[in-house]
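First the structure, in the form of structure tokens, and then the observations on it.
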Amino acid sequence: MASAKAMAQDEHHFVLKSGHAIPAVGLGTWRAGSDTAHSVQTAITEAGYRHVDTAAQYGIEQEVGKGLKAAMEAGINRKDLFVTSKIWCTNLAPERVRPALKNTLKDLQLDYIDLYLIHWPFRLKDGAHQPPEAGEVLEFDMEGVWREMERLVTDGLVKDIGICNFSVTKLNRLLQSANIPPAVCQMEMHPGWKNDKIFEACKKHGIHVTAYSPLGSSEKNLAHDPVVEKIANKLNKTPGQVLIKWALQRGTSVIPKSTKDERIKENMQVFGWEIPEEDFQVLCGIKDEKRVLTGEELFVNKTHGPYKSASEVWDNED
Ligand code: NDP
Ligand code: 1BO
Ligand code: 1BO
């Protein structure tokens with residue numbers, strides 16, 4: 001395998017602060033259900049994916065592990081794969097970080113992962129309801145948790161650590177105490193939610209950004225947006241490919257989810273062509289920007305708080 005830097009010179013990778021390379025396109029696995037093992041194996045062995053994004057909270061890490069194992073048995077080297085997982089909110093206490101990662105490694109049947117992310121920067125009590133009842137959103141020791149994440153890097157259990165769903169306020173707080181700055185920040189991003197504030201803050205600090213829900217997730221369904229469809233027809237590409245390419249041209253890696261073999265393959269056919277600048281700008285101009293994932297269901301208790309609205313979850317930055 002070529003060095004990280006050399007590999008990153010092709011359009012298939014981005015280089016992280018650590019010098020490691022992250023594949024530009026990865027397979028998302030949220031709500032991938034019982035097809036997950038098959039999807040992961042197909043993505044790697046037939047469609048050329050080398051990055052799989054998962055999370056303990058998705059409840060499918062064992063399935064992802066089976067898919068990875070099948071791909072490795074088919075001849076793919078572990079070192080050529082990039083596996084991302086995330087620590088869930090109930091485990092955001094310093095003493096729970098390592099046991100949470102160990103569980104993830106066991107379920108994935110791996111002895112290290114490439115990237116471990118804080119899934120959301122809020123600590124939830126075990127068994128918390130959706131939306132949370134009074135007292136179920138606990139104090140989050142961000143600095144203590146990050147120190148334990150750093151130890152996972154030092155001990156070789158994870159290659160890189162990062163964050164998801166951080167506001168600029170929370171990012172700045174983390175950067176004040178971090179010895180190892182986050183290598184990656186994973187955020188919702190698509191033409192219907194460009195999320196420029198956190199994107200600019202990450203760029204300023206050399207933090208690579210991965211765009212999640214790049215198609216607008218199943219809720220927003222940007223593949224059926226008339227502006228996207230028009231550009232796709234013009235370029236002789238599919239709407240999904242245009243949305244994924246838009247994310248890549250912005251400088252983010254991207255992790256579209258599909259459990260359909262044909263779409264898994266389609267979503268990887270995004271190299272060797274470009275969206276012309278004028279069309280790229282038209283996509284940037286799609287109106288009515290809104291988050292799909294507001295965090296409201298997970299963290300807001302309108303009566304008891306501590307977060308009484310989605311705006312508060314995002315530190316009133318939207
Ligand atoms: P996506 O934006 O990837 O959209 C997935 C939806 O689009 C599914 O309904 C899928 O259906 C459909 N789809 C996939 N490919 C195409 C295509 N080419 N044309 C039309 N429709 C298509 O949504 P996700 O929310 O799943 O985000 C992607 C990944 O990002 C997640 O799976 C997860 O790994 C990660 N993520 C991380 C979060 C975080 O908090 N860090 C939050 C949310 C997501 P089908 O499967 O039937 O093809
Ligand atoms: C609740 C988890 C959102 C997808 O990562
Ligand atoms: C872009 C999302 C399509 C949902 O089926």
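Considering only residues in segment 218-238 that are of a type in the set (S, T, N, Q) and at pLDDT below 95, the one that is surrounded by the fewest Cβ atoms within 10 Å (Cβ to Cβ) turns out to be SER218. Restricting attention to segment 218-235, the residues being within 13 Å of ligand 3 (Cβ to nearest atom), assigned to a helix (DSSP H, G or I) and of a type outside the set (D, E, K, R) number 6.
Inside segment 111-141, residues that are crowded, with 21+ Cβ neighbours inside 10 Å and within 15 Å of ASP160 (Cβ to Cβ) make up a count of 6. HIS304: surrounded by 13 or more Cβ atoms within 10 Å (Cβ to Cβ), modelled with pLDDT of 95 or more and more than 21 Å from the chain's Cα centre (by Cα), yes or no? Taking the combined requirement at face value, the residue satisfies it. Could you list, in sequence order, the residues of segment 164-215 that are within 14 Å of GLU317 (Cβ to Cβ), within 16 Å of ligand 3 (Cβ to nearest atom) and among the hydrophobic types (A, V, I, L, M, F, W, C)? Answer for segment 164-215, where residues must be within 14 Å of GLU317 (Cβ to Cβ), within 16 Å of ligand 3 (Cβ to nearest atom) and among the hydrophobic types (A, V, I, L, M, F, W, C): just TRP193.
Scanning segment 22-63 for residues being more than 16 Å from ligand 3 (Cβ to nearest atom), part of a loop (DSSP other than H, G, I, E, B) and among the aliphatic types (A, V, I, L, M) gives a total of 4. Within segment 183-194, residues that are closer than 15 Å to PRO121 by Cα and acidic (Asp, Glu) have Cβ atoms under 6 Å from residues that are near ligand 1 (Cβ under 8 Å from one of its atoms) and not in a strand (DSSP E or B) in these pairs: GLU188/SER213; GLU188/LEU293, counting only partners at least 6 apart in sequence or on another chain.
Here is the figure for segment 40-58: residues that are near ligand 1 (Cβ under 8 Å from one of its atoms) and touching an Asp or Glu at 6+ places or on another chain (Cβ under 9 Å) total 2.
Is one or more of the residues making up segment 241-255 over 30 Å from THR169 (Cα atoms) and either away from ligand 2 (no atom under 16 Å from the Cβ) or out of contact with any Pro (no Cβ under 7 Å at 6 or more places or on another chain) (or both)? There is at least one residue in segment 241-255 that is over 30 Å from THR169 (Cα atoms) and either away from ligand 2 (no atom under 16 Å from the Cβ) or out of contact with any Pro (no Cβ under 7 Å at 6 or more places or on another chain) (or both).
Listed here are the residues, each with its yes/no results for (1) more than 19 Å from TYR116 (Cβ to Cβ); (2) more than 14 Å from ligand 1 (Cβ to nearest atom).
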residue: MET149; (1), (2): no, yes
residue: VAL158; (1), (2): no, yes
residue: SER167; (1), (2): yes, no
residue: GLU219; (1), (2): yes, no
residue: LYS230; (1), (2): yes, yes
residue: GLN241; (1), (2): yes, no
residue: ILE244; (1), (2): yes, no
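One residue stands out among those in segment 200-217 that are part of a helix (DSSP H, G or I) and more than 21 Å from SER85 (Cα to Cα): the one that is farthest from ligand 1 (Cβ to nearest atom), which is LYS204.
The values are calculated or read from the model by the stated rules, or taken from the named source; none is laboratory data. What you are looking at is a predicted structure, and each value in this text was computed from that prediction instead of being measured. Positions of Cβ are backbone-derived with ideal geometry, glycine not excepted, and every protein chain shown enters the neighbour counts.
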